[in-house]
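Below you'll find the structure, written out as structure tokens, and then a few comments.
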Amino acid sequence: MSLDGLPSGPVSSKGSAPWFEVVIFLVVAAWMLCGLGSYGLYEPHEAQYAGGASEMLLRGDWVTAYLNGAPELNKPPLFYWLIAISFGLFGHSGLAPELIARLPLALIALSGMLLAWQWARELWGLRAGRYAALMLAVSPGWYVFSHQLLIDELLAVLLLASLYLLWKAICFRESYWRWGLFYGVVGAAVLAKGLPGLFFPLLALALFVLVRRDWGLLRGCHPFLGVLVIACIVGPWACLFELHNPGALRYMIVNEHLRRALDLRIPHDYGGVQVGALKFVLFTVVWCAPWSLLLPQLVSFSFNSARLDTGGNGRHAARDAALLLGIGAVTPVAFFVLIPSRLVYYGLPTLPPLVVLCSGFLDAPGHWSGRRRQVAAGAAVVSGMVLICMTPYLPLWLSRAPDLAATPVLLRNIPLEAFLLAAGLFLCALLLFCRKEPLAFAALVLLVGAVELYSVGEFKALDSVYSSKRLVERLAPAVGDDCVWVSEGSCEVGASAGLAFYLRQSRPKSSGYVLIMGDDERRPPPSYPGLPPKYLINHGRLEELWASESPVLFVTDFQRTDWDNDKPLLPSKDCGPVPLPFAVAGHRRVFANARALRRLAAAELALTGTAP
């Protein structure tokens with residue numbers, strides 16, 4: 001053992017996991033999987049990924065994701081592959097399609113928890129491993145984004161794995177296979193997220209070399225091996241992707257990475273989750289809560305843990321790990337603070353390395369003595385008081401958001417949850433003052449976990465706002481399989497994917513394609529290379545369909561809340577509104593042509609519900 005109780009080399013991890021670790025993992029796995037299939041796929045992001053993966057499986061094309069029968073060229077394929085494999089394995093099992101779609105991401109979140117446990121265990125022992133796993137599992141960012149289909153949690157796990165394998169490779173520099181594993185994970189990160197999957201691991205390596213002044217590592221990292229491994233992983237897909245879709249790679253690199261970084265992406269379809277630099281940092285603090293309350297002590301601990309002692313006698317594995325973890329925690333936030341197109345969840349990769357560091361801080365010898373205990377307890381008390389003071393005002397603040405104002409259950413539940421979290425912080429502070437540190441940690445984990453489990457019902461409360469599931473289930477059986485569904489479109493590219501996905505669920509023998517309006521300047525479609533997607537139509541074509549003998553439904557933008565200043569461009573004749581309650585349609589409104597209205601009337605659907 002060396003300074004701060006850190007080992008001077010990797011701790012052996014041989015042997016099977018104790019039974020207590022197995023029990024913890026099974027409990028957390030059941031907790032995390034609970035309720036995954038109880039609410040519809042949110043638009044645009046969840047519907048885009050699940051819809052693209054399901055069409056990938058149906059078409060047998062594992063190179064390109066599709067939306068409404070046309071290529072969708074925004075993202076690399078790894079996330080689509082995982083969801084498509086899940087549909088292939090469980091699509092006919094009778095499980096809810098939402099559970100099948102979200103299952104891979106939940107397993108990815110659990111794998112991140114296991115990796116955090118393993119790394120903390122190697123560095124600081126079994127108790128630190130338990131701390132790391134539980135802290136990551138109940139952190140709000142990890143829980144929320146394991147319940148919604150977004151790539152960023154997959155990227156966060158791959159970046160943590162790359163840091164871990166980089167640490168192993170630095171400890172054993174002559175081991176080609178360890179460097180090969182590191183570069184293999186980097187290649188997988190590129191297939192998941194594109195250039196960020198390459199940039200952040202290589203940035204961590206470069207900063208490590210710079211801080212340690214270890215210039216020999218520039219050659220010792222075997223860069224030619226890295227180029228070869230990453231090329232072997234990414235190259236086959238990239239070549240086929242470009243062959244099937246000429247110009248697609250340039251479009252992805254230029255529009256989806258470079259132009260997005262400068263906030264010039266076409267279309268600008270991420271405004272709903274784009275935030276300023278200060279809000280981005282605050283959101284990241286929330287995703288890392290409540291452990292972000294320990295940030296001052298954690299910075300000091302990380303700095304001391306990463307320093308080489310003055311003797312400089314060789315490499316120190318635990319100190320190198322602390323430095324890499326610190327780099328991994330800081331660089332995502334620091335980078336995206338400088339990028340104008342930062343989104344609320346781009347700080348998520350900060351969370352896993354932060355909790356691994358935090359586990360060592362909590363388990364460090366002598367940590368809870370004197371002032372440190374008082375500072376931690378005081379931070380918990382102040383945070384609890386802030387939550388208590390905010391609670392009476394939360395319903396008023398939340399009601400200013402149209403989506404939350406339309407869901408009374410959220411206006412009732414969120415203040416109650418804030419009060420419970422405040423009570424948990426007070427209890428934690430009391431236990432810290434009583435020198436019951438492990439009990440304080442356990443109480444906080446259990447309470448935060450219970451509140452998050454309860455919040456699954458709130459995901460379901462937003463079903464009608466963000467998902468097309470109830471709308472399609474209500475209308476599709478009545479209008480028939482030959483009905484033409486037309487979406488007004490949205491500034492979000494995946495906004496119509498939910499309609500298509502659920503139409504395929506209700507009409508297994510049909511393509512489930514949805515036509516999308518492409519000539520509304522307020523809702524520009526993506527400008528993919530090549531011919532325009534076949535699903536795009538103009539207003540003239542809509543008029544032709546409307547006057548035909550086919551039943552036609554027109555569904556408005558799910559994000560529209562201002563009907564006075566942002567009116568839809570409807571067909572000019574015989575445009576009958578279909579009265580639907582908010583609990584079914586959310587902010588959407590549905591209009592039908594004459595033939596569709598007759599079918600709805602025959603099914604007595606036009607006489608039920610009230611107009612939103």
Seminar exercise, completed: Ranked from fewest to most other Cβ atoms within 10 Å of their own Cβ, LEU394, LEU431, LEU553 fall in the order LEU394, LEU431, LEU553
Exercise. Are there trypsin sites (Lys or Arg not before Pro) in the stretch 481-526 that DSSP marks as loop and that have at most 11 other Cβ atoms within 10 Å, and which are they?
Worked result: LYS509
Exercise. Based on the alpha-carbon gyration tensor of the stretch 464-602 and its eigenvalue square roots a ≥ b ≥ c, which shape applies: rounded if a/c is under 1.5, prolate if not and a/b is larger than b/c, or oblate?
Worked result: rounded
Seminar exercise, completed: Rounded to the nearest 10, the angle in degrees between the Cα long axis of helix 223-244 and the longest principal axis of the Cα atoms of the chain comes to 0 degrees
Exercise. In what sequence do HIS539, HIS222 fall when counting other Cβ within 10 Å, fewest first?
Worked result: HIS539, HIS222
Seminar exercise, completed: Once amide hydrogens are built 1.01 Å from N within the peptide plane, the residues lying 5 or more places from ARG522 or on another chain with amide H under 5 Å from its amide H are none
Seminar exercise, completed: Only helices counted: for the chain, with every DSSP H run of 4 or more residues adding -39500 (n - 2.57) and the sum spread over all residues, [θ] at 222 nm is -18500 deg cm²/dmol
Seminar exercise, completed: Scalar couplings 3J(HN,Hα) for the stretch 118-134 by Karplus 6.51 cos²θ - 1.76 cosθ + 1.60 (θ = phi - 60°), nearest whole Hz, x for Gly and Pro, are 5, 5, 4, 5, 5, 7, 10, x, 4, 5, 5, x, 5, 4, 4, 4, 6
Problem set entry | Karplus-derived 3J(HN,Hα), 6.51/-1.76/1.60, for each residue of the stretch 526-543, Hz, glycine and proline x | x, 9, 5, x, x, 5, x, x, 5, 7, 7, 10, 9, 5, x, 5, 4, 4
Problem set entry | Prolate/oblate/rounded call for the stretch 53-190, Cα gyration tensor, a/c under 1.5 rounded | oblate
For this session: Place the peptides 477-486, 272-281 in order of packing, highest mean first, counting for every residue the other Cβ atoms within 10 Å and averaging per peptide.
Result: 477-486, 272-281
Exercise. By count of other Cβ within 10 Å, fewest leading, how are HIS268, HIS316, HIS92 ordered?
Worked result: HIS92, HIS268, HIS316
Exercise. How big is D for the chain, in µm² s⁻¹ as a whole number, if Stokes-Einstein is applied with the Kirkwood radius of its Cα pairs at 20 °C and 1.002 mPa s?
Worked result: 82 µm²/s
Problem set entry | Modelled FRET efficiency - R0 41 Å, ASP482 with ALA30, Cβ distances, 0.05 increments | 0.40
Exercise. Which GluC sites (Glu not before Pro) from the stretch 428-525 combine a DSSP loop assignment with at most 16 other Cβ atoms within 10 Å?
Worked result: GLU521
Problem set entry | In degrees, nearest ten, helix 497-506 long axis to first principal axis of the chain (Cα) | 70 degrees
For this session: Find how much the distance from ASP562 to CYS239 grows on full extension, using 0.36 nm per residue of separation minus their present alpha carbon separation; answer in nm with one decimal.
Result: 111.8 nm
Exercise. Under a 5 Å amide H to amide H cut-off, with H placed in plane at 1.01 Å, what residues pair with LEU67 once short-range neighbours are removed?
Worked result: GLU72
Seminar exercise, completed: Phi angles of the stretch 172-182, converted by Karplus (6.51 cos²θ - 1.76 cosθ + 1.60, θ = phi - 60°) into ³J(HN,Hα) in whole Hz with x for Gly and Pro, give 10, 5, 7, 7, 4, 5, 5, 5, x, 5, 4
Seminar exercise, completed: Those chymotrypsin sites (Phe, Trp or Tyr not before Pro) from the stretch 181-269 that are DSSP loop and have at most 14 other Cβ neighbours within 10 Å turn out to be TRP215
For this session: Work out, in µm²/s and without decimals, the Stokes-Einstein translational diffusion coefficient of the stretch 371-461 at 20 °C, 1.002 mPa s, Rh from Kirkwood over C-alpha pairs.
Result: 152 µm²/s
For this session: Starting from the Cα of LYS469, draw a straight line to each of the lysines and keep only those under 26 Å, dropping any in the same chain fewer than 8 residues away.
Result: LYS75, LYS460, LYS509, LYS534, LYS567
Problem set entry | Other-chain or far-sequence residues with amide H under 5 Å of GLY576's (modelled H) | ALA592
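Computed from the coordinates by the stated procedures, all read-outs in this text should not be read as laboratory data. From a predicted model like this one, the values you see are computed outputs, not experimental measurements. Positions of Cβ are backbone-derived with ideal geometry, glycine not excepted, and every protein chain shown enters the neighbour counts.
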